[in-house]
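A.B. asks: This is the structure I want to talk about, given as structure tokens.
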Amino acid sequence: MAADEVLFELFHSEIVAFLYRTTDKEDQDQCIAKLESLGFRVGQSLVERFTKDCSRFKDDLDIMKFICKDFWNSVFKKQIDNLRTNHQGVYVLQDNRFRFLTQISNGKQFMDAAPKYLAMACGIIKVLLLNWCKFVVKAEVVQCPLVNSKFRYKGLDKTNQKVLRTKHCDYLSVNALLF
Amino acid sequence: MSRQASRASDPRKVNGELFTLTYGALVAQLLRDFEDDEEVNKQLEKMGYNIGVRLIEDFLARSNSGRCNDFRETADVISKMAFKMYLGITPVVSNWSAAGDEFSLLIENNPLIDFVELPDGHNALNYSNLLCGVLKGALEMVQMEVDVKFVQDQLKGDSVTELRLKFVKRLEDAVPVGED
């Protein structure tokens with residue numbers, strides 16, 4: 001692992017620890033939402049960096065390919081290990097060694113803690129997809145550090161209301177509308 | 001194909017930006033939560049401290065550098081190896097005090113402040129205070145208590161960002177209670 005990657009990973013885990021450290025017990029369920037909103041902010045800026053100087057995506061498969069290769073490589077330092085689709089708009093991306101979970105021990109023991117480390121990444125991905133297309137995103141930790149991200153392509157949304165759900169967060173469309 | 005080629009952004013560049021952007025989002029969040037610049041400075045330093053105490057281990061493992069014989073050597077290692085390794089910059093070591101226990105790190109291109117502008121009314125905020133915490137935490141793990149402060153900040157209109165490091169004392173490992 002390159003040195004600057006280590007710095008970012010320590011930084012990320014400190015952000016998670018800090019948020020939990022500074023909130024009262026009653027408000028702790030808001031922490032995931034805060035982490036996601038941090039991810040939204042980061043993602044919004046990243047979208048511009050990524051898609052500067054390049055042409056529009058042809059279709060949803062094109063977007064998926066970009067996410068699996070270029071995006072995942074830049075942000076998570078590796079490509080997606082497995083991409084599955086039912087050819088009806090649902091895609092499942094599998095990462096066998098999710099960057100922010102590699103330091104957590106293998107197995108089911110710390111599964112409760114794992115979602116905290118996904119929240120920010122989810123936020124980034126959601127904003128990216130929000131900007132390009134209508135996708136519903138769900139992330140799931142199968143077993144540390146294996147993560148499945150499920151993307152359902154909703155196509156053009158007639159009501160113009162963006163709905164994003166995550167398994168671990170209640171912050172739904174309110175956050176999406178912030179951007 | 002030209003379309004594929006134009007889409008691929010430079011991954012290293014994006015990685016550096018990811019850190020900068022995340023740091024910016026964090027500081028913005030802290031300002032919303034705490035509202036007081038001094039409190040935000042404290043929190044950033046604390047976070048930096050926690051990062052520093054872990055980062056030093058990674059640094060020592062990677063750099064294989066031995067013990068520093070004096071504070072001057074420490075300064076060189078910090079600027080030429082540590083900053084280079086983790087942030088890709090080499091600050092200049094200067095303004096040594098007469099006793100040799102204080103020096104400045106002059107940073108011209110602080111990566112944390114890319115794309116950042118301080119809004120009015122936040123003059124007390126030390127935006128890059130995380131760096132102070134990291135240095136303090138890391139040096140404490142190698143038995144040095146060092147005070148790190150911002151003297152100049154490019155975000156506040158200065159020409160260079162200056163960190164002042166002052167050696168306070170050597171730390172001894174505490175003997176556990178009950179043992180001699």
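Readers should treat all values here as calculations from the given coordinates under stated rules, not as data from a laboratory. Just so it is clear, the structure is predicted and the values come from calculations on it, not from any experiment. FYI the Cβ positions are ideal-geometry reconstructions off the backbone, even for glycines, and counts take in every protein chain you see.
A.B. asks: Taking each residue in A:11-21, count the Cβ atoms of any other chain within 10 Å of its Cβ, then average. What number comes out?
C.D. replies: The mean count of partner-chain Cβ atoms within 10 Å per residue comes to 5.
A.B. asks: Related question: Explain nothing, just compute: Karplus ³J(HN,Hα) = 6.51 cos²θ - 1.76 cosθ + 1.60, θ = phi - 60°, for every residue of segment B:43-52 in order, whole Hz, x for Gly and Pro.
C.D. replies: 5, 5, 5, 5, 4, x, 4, 5, 5, x
A.B. asks: Place a label point 7 angstrom from the Cα of A:Gln28 along the Cα-to-Cβ direction, then list the residues of segment A:102-117 whose backbone nitrogen is under 13 Å away.
C.D. replies: A:112-114, A:116
A.B. asks: Moving on to the next point. Could you order the peptides B:35-47, B:96-108 from most to least packed, using the average number of other C-beta atoms within 10 Å per residue?
C.D. replies: B:35-47, B:96-108
A.B. asks: Grab the eigenvalues of the alpha-carbon gyration tensor for segment A:1-138, scale each by 5, take roots, and send me the semi-axes largest first in whole angstrom.
C.D. replies: 26, 17, 16
A.B. asks: Got a sec? How would B:Val146, A:Val127, B:Val93 order by Cβ neighbour count within 10 Å, fewest to most?
C.D. replies: B:Val93, B:Val146, A:Val127
A.B. asks: What order do you get for A:Cys122, B:Cys68, A:Cys31 when you list them from fewest to most C-beta neighbours inside 10 Å?
C.D. replies: B:Cys68, A:Cys31, A:Cys122
A.B. asks: Report ³J(HN,Hα) in whole Hz for each residue of segment A:66-72, in order, from the Karplus equation J = 6.51 cos²θ - 1.76 cosθ + 1.60 where θ = phi - 60°; Gly and Pro get x.
C.D. replies: 4, 5, 5, 9, 5, 5, 4
A.B. asks: Give the order of A:Asp27, A:Asp4, B:Asp147 when sorted by the count of other beta carbons within 10 angstrom, beginning with the fewest.
C.D. replies: On the way: A:Asp27 10, A:Asp4 18, B:Asp147 13.
The fewest-first ordering by Cβ neighbours comes to A:Asp27, B:Asp147, A:Asp4.
A.B. asks: Just list whichever of A:Lys34/A:Lys69; A:Lys77/A:Lys108; A:Lys108/B:Lys42; A:Lys65/B:Lys46; A:Lys78/B:Lys136 have alpha carbons separated by over 31 Å in the model shown. Write down the numbers at each step before the final one.
C.D. replies: Numbers: A:Lys34/A:Lys69 27 Å; A:Lys77/A:Lys108 24 Å; A:Lys108/B:Lys42 36 Å; A:Lys65/B:Lys46 40 Å; A:Lys78/B:Lys136 33 Å.
The pairs that break the limit, which is 31 Å between Cα atoms, are A:Lys108/B:Lys42; A:Lys65/B:Lys46; A:Lys78/B:Lys136.
A.B. asks: Determine ³J(HN,Hα), in whole Hz, for all residues of segment B:73-85 in sequence, where each value follows from phi through the Karplus function 6.51 cos²θ - 1.76 cosθ + 1.60 and θ = phi - 60°; x replaces Gly and Pro.
C.D. replies: 5, 4, 4, 5, 5, 4, 7, 8, 10, 5, 4, 5, 5
A.B. asks: How shielded is A:39-50 by partner chains, expressed as the average number of their Cβ atoms within 10 Å of its Cβ atoms?
C.D. replies: Whole-number average of other-chain Cβ neighbours for A:39-50 is 4.
A.B. asks: Find the relative contact order for chain B and round it to a whole percent, using C-alpha pairs within less than 8 Å whose residues are 6+ positions apart.
C.D. replies: Contact order relative to length: 24 percent.
A.B. asks: Between helix B:11-34 and chain B, what is the angle of the helix's C-alpha long axis to the longest principal axis, kept within 0 to 90° and rounded to the nearest 10?
C.D. replies: Computed tilt is about 80 degrees.
A.B. asks: Any idea how far apart B:Glu108 and B:Asn69 come out in nm if each label point goes 7 Å out from Cα toward Cβ?
C.D. replies: Between B:Glu108 and B:Asn69, the simple spin-label model gives 3.1 nm.
A.B. asks: Could you tell me the calculated FRET efficiency between B:Val168 and B:Val92, based on Cβ-Cβ distance and R0 = 30 angstrom, to the nearest 0.05?
C.D. replies: Numbers: r = 23 Å, r/R0 = 0.77.
Given R0 = 30 Å and the Cβ-Cβ separation, E is 0.85.
A.B. asks: Grab the beta carbon distance between A:Lys69 and A:Glu48, set R0 = 25 Å, and tell me the FRET efficiency rounded to 0.05. Let's see the in-between values first.
C.D. replies: On the way: r = 19 Å, r/R0 = 0.77.
Efficiency, from the Cβ-Cβ distance: 0.80.
A.B. asks: For the charge dipole of segment A:10-86, defined by +1 on Lys and Arg C-beta atoms and -1 on Asp and Glu C-beta atoms about the Cα centroid, which residue among A:Asn82, A:Ser37, A:Thr22 has the Cα displaced farthest towards the positive pole?
C.D. replies: A:Asn82
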